[in-house]
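> Below you'll find the structure I mean.
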């Protein structure tokens, strides 16, 4: 399992200094439920906007 999860989306509430993700879990899905062939066909469902 990954030791660090990196994220450059600084407007996410789970973003932390050093581009670290501080979420307890990460949920990534493929577009439209199909099998992803590359990273562009995936989305992070863990994202929540920073308020």
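Derivation of every value follows stated rules applied to the coordinates shown; laboratory data play no part. Predicted model, so just to flag it, every value in this text is computed and none were measured. Every residue, glycine as well, gets a Cβ built from its backbone with ideal geometry; the counts of neighbours run over all protein chains shown.
> In percent, how large is the relative contact order of the chain, given Cα pairs closer than 8 Å and 6 or more residues apart?
Across the chain, relative contact order equals 35 percent.
> Need one number: nm distance between label points at residue 50 and residue 2, each 7 Å from Cα along Cα→Cβ, rounded to one decimal.
1.9
> Over the Cα atoms, compute the radius of gyration (one decimal) and Dmax (the largest Cα-Cα distance, rounded to a whole number) for the chain, in Å.
Final numbers for Rg and Dmax: 11.9, 33 Å.
> Let me ask something else. Test of understanding: in a Gaussian network model of the chain with alpha carbons linked when under 10 Å, which of 11, 38, 19 would top the mean-square fluctuation ranking?
38
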